[in-house]
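Structure, as structure tokens:
The values are calculated or read from the model by the stated rules, or taken from the named source; none is laboratory data. Nothing here was measured: the structure is a model prediction, and the numbers come from that model. Don't worry about glycine lacking a Cβ; one is built from the backbone with ideal geometry, like all the others, and counts go over all protein chains shown. Accessible surface areas use protein heavy atoms only, side chains included; no ligands, DNA or RNA. Shrake-Rupley method; radii C 1.70, N 1.55, O 1.52, S 1.80 Å.
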Amino acid sequence: VEAGTAGENHNIPFIAICANSPKIYSRGLKWLVGVIDIGPRYTYRYWEMIRAGGKAKSVSFVVEDSLHPLGVFKGSQELAQEAGLKVLSSDIAPASTQDFTPVIAKLKNENPDIVYVASNIPFAVTFMKQARELKLNPREYHCIHHSGVFRDALGDAADCVVGQSYWVGGMKLGDTKLIQEVLSRSGISEPMYPWAPAYVAAFQVAQAAIEKAGSLDKKSVIDGLKGLKIETVLGPEQFHETGYGSINTYPSQIQKGKYVIIWPKEVATGAHIYPRPPWE
Amino acid sequence: MSADILQLVVGGILLGGLYGLAAFGLSVSFGVLNVLNLAHGEFLMLGALTGYGACLLLGVGTFTALLIVAPLFMVVGVVFYLVLLKPIGNRPPQELLVASVLVTLGVSLAVEDLTSYVWERPITGIAYTSGSIEVAGIIISEIRLLILVFLCVLAVALQILIKRTYTGRAIRAIVQCREGAKVVGIPIAAISAVTFGVSATLAACAGVLYATLFTVSPVMGIPLTVKCLCVVVLGGLGSLVGPVVGGLTLGLAEALTAYCLGTEWAPCISFILLISILVSRPSGMFGERG
């Protein structure tokens, strides 16, 4: 939110790649665009999948009290209700929370089908460690960020956790060759840096905007950006009038250490495991 | 409901044990050295990161990591005292207190910035997989139980150190009357250095255990120092029993508050307890009345 004014103060086009909090785009910033879709829609494909599956009936939210997780949670709460789920509880905890015993005790009483953790990785790792210790066994865990750091910290406790990915190997989406080449040449492993494919898309956006402007004139570039409609490595991209983009994530599940895209069927790389096997 | 409360009590006792262990060193260093060490949380943070690093790079378990971290931080603590605190040690008590706050706060900020700069990897805590034991509907994780046993063993060892050894008797003597201890020939500087080393070691050990249960980050030191201060003031500044009781009280209070009022209220309870104890008994639960 604070950084967003930098472009405004100096009249420089600002591409905020993964910044998706609605607060950023409600300030009337004219020199800023975001590559990805707005936070409240961050997991809309997941809720589409849940509605289509029709098996889950209830959800409880555990939310980290910080900008991005709160934005995702607010949208997800509405999307869950639209998908026909009953929201049993929403526990918003400080980002520094370390002991989740009280939250888990309440969740055990509620017995939701889905426990949805809207948080950054450290918060989610601590929660999941303790959920396993205390044998909290919902039919599904959804942690919005479940990158390789999350998986490595949890070991087999991360198995079957669903989260969001921009792209995983084997996915039939956009120019997969280009992503693979860029990741391979830069020595980046996608699960450890799951936002890297979005950065590739951001460079495509910048390139297209400069080409459209025909020069590096700042005003022409930002005008070019705002009116842009292109096909990126992550699918079509265009910008809302307030500045946020249209690229969004796909639900993916950790299955024996691998990330599997589970929805929609056109791009899925494997089947959704639901319910997850309970911890004994 | 009663099973929930028992579960919370078990969780609260473990959390309180960790708080007590972390705060014990702070209380001892204040009692012996008259130094308020605001870098105490940084020792905990560095202990946690060293333990995390040892587990990650050497592939060792938590308790082996403790064997690496403990002697290392004993040395770090002694060197810290000799280089930064001994030179200000001969000042009058009030001046020493203020000087120690400034020195240790400066070190704390510098350590935090340097660690944040150096440690680029996202921090999550020591990876582990452990089973759980279920007793009458109460689930206790094996790793937490092991940590609780370790804390009890450490408490007994500390008790033996304090009660049975010359160093322990000297520490108690300095806590009771610094001038008197000097008169009977206790080497104040050497005992102070050892005490500070023990204080840093305890904080670092608490850090390793902390990294096993929770996530760690380079910026967690100052908030933990504040929490330790709450525990120490609650128990009684300079008291040896106070931090343990203060830690347990705080751990239980946080767990029950989060359950009954919501997680967002848990951090407030330490300050509510702090204000309550300062109003009703300013010297803390086990502190000597002025």
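Details
- Condition met for B:Thr167 (more than 14 Å from chain A (Cβ to nearest Cβ), within 17 Å of B:Phe24 (Cβ to Cβ), free of Cβ contacts under 8 Å to residues at least 40 places away in the same chain and part of a helix (DSSP H, G or I)): yes
- All positions within segment B:170-215 that are modelled with pLDDT of 90 or more, polar (S, T, N, Q) and open to solvent by 10 Å² or more (accessible area, probe 1.4 Å): B:Thr201
- Total residues in segment A:43-66, condition part of a helix (DSSP H, G or I) and crowded, with 16+ Cβ neighbours inside 10 Å: 7
- Restricted to segment B:187-290, the set of helices (runs of 4 or more DSSP H) holding at least 3 residues that are free of Cβ contacts under 8 Å to residues at least 24 places away in the same chain comprises B:242-261, B:266-280.
- Inter-residue pairs, beta-carbon under 6 Å, first within 14 Å of another protein chain (Cβ to nearest Cβ) and in segment A:148-165, second of a type in the set (Gly, Ala, Ser) and assigned to a loop (DSSP other than H, G, I, E, B), 6+ apart: A:Ala153/B:Ala127; A:Gly155/B:Ala127
- Any hit, segment A:169-188, residues being at pLDDT 90 or above and either at positive phi or part of a strand (DSSP E or B) (or both): no
- Residues that are open to solvent by 10 Å² or more (accessible area, probe 1.4 Å) and touching a Phe, Trp or Tyr at 6+ places or on another chain (Cβ under 6 Å) within segment A:235-250 comprise A:Thr242, A:Tyr244, listed in sequence order.
- In segment A:92-123, residue nearest to the other protein chains (Cβ to nearest Cβ) [restricted to those that are of a type in the set (D, E, K, R) and either open to solvent by less than 30 Å² (accessible area, probe 1.4 Å) or within 20 Å of B:Leu224 (Cα to Cα) (or both)]: A:Asp99
- Whichever residue in segment A:209-223 is touching a residue at least 60 places away in the same chain (Cβ under 8 Å) and surrounded by 15 or more Cβ atoms within 10 Å (Cβ to Cβ) and, among such residues, is nearest to A:Glu237 (Cα to Cα): A:Ala209
- Scanning segment A:124-134 for residues that are under 14 Å from B:Gly131 (Cα atoms), at the interface with chain B (Cβ under 9 Å from one of its Cβ atoms) and out of contact with any strand residue (DSSP E or B) (no Cβ under 6 Å at 6 or more places or on another chain) turns up A:Lys129, A:Gln130, A:Arg132.
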